[in-house]
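Colleague: The structure follows.
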Amino acid sequence: MGRVSTPPLSATPRTAQARTASAPTATAATATTRTAAARPAQALSTPTLRAPARTAPLLLRGEVARPLSLTVADLRERWEQRHADVVFNCAKNGPRPHTFDGPLLRDVVQDAGPAFDARRRKDRSRFLLAVTGGDGHHTVLSWAEIDADFGDIPILLATAMDGRPLDAEGTQLVVPSDRCGARYVSAVTSVWIGAYAVPEQPPVL
């Protein structure tokens, strides 16, 4: 009786193993390709950083010989810095203690050359100052309040508050003699000075 030739049993498993082994390789290659393709999209979605907005300069204008445009750095570098410890009442939060540093408002305005006759007290006493903040709030002072021959109040244009520089926020008006904080104008953008004009009286009928 003749022998029947039977193929080796190991042939089929080796082929299956070869196919099985090749499958993860293809999957890994596909995963790598997808990851590489996704990277540019991630780079495109990165937000662009913007520089912070600069604070508007303080404009000193009105009846002056030399109008000035000043930053907080200018106020710090060009005039002597004074210190003030103050407590003022806030309508919402009650007493607020703070410390401020900055030049005297009087010194800064005098360097702009106000149009009054500096030798005449009565002429100086006619002048007013209007101070405006970045939020639109404004207040009025008289020159006599800060004049050394009258009130001599050390009103400041602050360059620092509680030891923190105000370059980003802008200078703040500081009125140490005030009990409430209504005249503590923040982010000052304008100081106008001029003589008060008396309104004409209507004729008597």
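Colleague: Determine whether the range 165-173 contains at least one residue that is out of contact with any Gly (no Cβ under 9 Å at 6 or more places or on another chain) and open to solvent by less than 40 Å² (accessible area, probe 1.4 Å). Outline the logic, then answer.
Modeller: Start the filter on the range 165-173 by keeping residues that are out of contact with any Gly (no Cβ under 9 Å at 6 or more places or on another chain), which leaves 165, 167-168.
Cutting the leftovers down to open to solvent by less than 40 Å² (accessible area, probe 1.4 Å) gives us none.
There is no residue in the range 165-173 that is out of contact with any Gly (no Cβ under 9 Å at 6 or more places or on another chain) and open to solvent by less than 40 Å² (accessible area, probe 1.4 Å).
Colleague: Looking at the range 35-54, can you tell me whether even one residue there is of a type outside the set (A, V, I, L, M), at pLDDT 80 or above and not in a helix (DSSP H, G or I)?
Modeller: no
Residues are listed down the side, and each one gets a yes or a no for (1) small (Gly, Ala, Ser); (2) over 12 Å from residue 159 (Cβ atoms):
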residue	(1), (2)
67	no, yes
76	no, no
79	no, no
87	no, yes
90	no, yes
98	no, yes
110	no, yes
114	no, yes
118	yes, yes
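Colleague: Those residues that are without any contact (Cβ under 8 Å) to a residue 24 or more places away in the chain and outside any strand (DSSP E or B), I need them from the range 80-115; list them, please.
Modeller: 92, 93, 110
Colleague: Which one of these is assigned to a loop (DSSP other than H, G, I, E, B) and either in contact with a Lys or Arg (Cβ under 9 Å, 6 or more places away or on another chain) or not β-branched (Val, Ile, Thr) (or both): 194, 151? Walk me through it before giving the result.
Modeller: Numbers: 194 fails: assigned to a loop (DSSP other than H, G, I, E, B).
Only one candidate passes the filter, namely 151.
Colleague: Looking at the range 135-170 only, could you name the residues that are aliphatic (A, V, I, L, M) and under 20 Å from residue 115 (Cα atoms)?
Modeller: Keep residues of the range 135-170 that are aliphatic (A, V, I, L, M), which gives 140-141, 144, 146, 148, 153, 155-158, 160-161, 166, 168.
Within the range 135-170, 140, 141, 144, 146, 148 meet the criteria.
Colleague: Which of the residues belonging to the range 109-129 are out of contact with any strand residue (DSSP E or B) (no Cβ under 9 Å at 6 or more places or on another chain) and small (Gly, Ala, Ser)?
Modeller: 118
Colleague: Tally time: how many residues in the range 59-79 are in contact (Cβ under 8 Å) with a residue 60 or more places away in the chain, outside any strand (DSSP E or B), over 14 Å from residue 107 (Cα atoms) and not hydroxyl-bearing (Ser, Thr, Tyr)?
Modeller: 3
Colleague: Among the residues of the range 167-191, write down those that are under 22 Å from residue 109 (Cα atoms) and outside any loop (DSSP other than H, G, I, E, B).
Modeller: 172, 173, 174, 188, 189, 190, 191, listed by residue number.
Colleague: Of all residues being more than 26 Å from residue 56 (Cβ to Cβ) and of a type outside the set (A, V, I, L, M, F, W, C) in the range 143-152, which is surrounded by the most Cβ atoms within 10 Å (Cβ to Cβ)? Just the residue, please. It would help to see each step written out before you state the result.
Modeller: Quick first cut of the range 143-152, residues more than 26 Å from residue 56 (Cβ to Cβ) only: 144, 147-152.
Filter once more, keeping what is of a type outside the set (A, V, I, L, M, F, W, C): 147, 149, 151-152.
On the way: 147: 18, 149: 9, 151: 15, 152: 11.
The extreme case among them is 147.
Colleague: Restrict the check to the range 109-116 and report whether at least one residue is surrounded by 15 or more Cβ atoms within 10 Å (Cβ to Cβ) and farther than 21 Å from residue 71 by Cα.
Modeller: yes
Colleague: Checking the conditions here, which among 127, 150, 100 is of a type in the set (A, V, I, L, M, F, W, C) and closer than 18 Å to residue 66 by Cα? Give the steps one after another, and end with the answer.
Modeller: Working: 150 fails: closer than 18 Å to residue 66 by Cα; 100 fails: closer than 18 Å to residue 66 by Cα.
Criteria check complete, one pass: 127.
Colleague: Restricting to the range 66-122, what's the tally of residues that are in contact with a Leu (Cβ under 8 Å, 6 or more places away or on another chain) and among the β-branched types (Val, Ile, Thr)?
Modeller: 4
Colleague: Something else now. Looking at (1) modelled with pLDDT of 95 or more; (2) open to solvent by 80 Å² or more (accessible area, probe 1.4 Å); (3) farther than 19 Å from residue 70 by Cβ, which is the one condition that is false for residue 92?
Modeller: (1)
Colleague: Might you check whether a residue that is within 22 Å of residue 112 (Cβ to Cβ) and either touching a Pro at 6+ places or on another chain (Cβ under 6 Å) or among the hydroxyl-bearing types (Ser, Thr, Tyr) (or both) occurs anywhere in the range 171-180? Step through it out loud before you land on a result.
Modeller: At the first step, the residues of the range 171-180 found to be within 22 Å of residue 112 (Cβ to Cβ) are 171-175.
Of the ones still in play, those that are also either touching a Pro at 6+ places or on another chain (Cβ under 6 Å) or among the hydroxyl-bearing types (Ser, Thr, Tyr) (or both) are 171.
Checked the range 171-180: at least one residue is within 22 Å of residue 112 (Cβ to Cβ) and either touching a Pro at 6+ places or on another chain (Cβ under 6 Å) or among the hydroxyl-bearing types (Ser, Thr, Tyr) (or both).
The values are calculated or read from the model by the stated rules, or taken from the named source; none is laboratory data. Worth saying up front: this structure is predicted, and the values here are computed from it rather than measured. Positions of Cβ are generated from backbone atoms using ideal geometry, with glycine treated the same way; all protein chains shown enter the neighbour counts. Accessible surface is based on the protein model in full, side chains and every heavy atom, while ligands, DNA and RNA are left aside. Shrake-Rupley method; radii C 1.70, N 1.55, O 1.52, S 1.80 Å.
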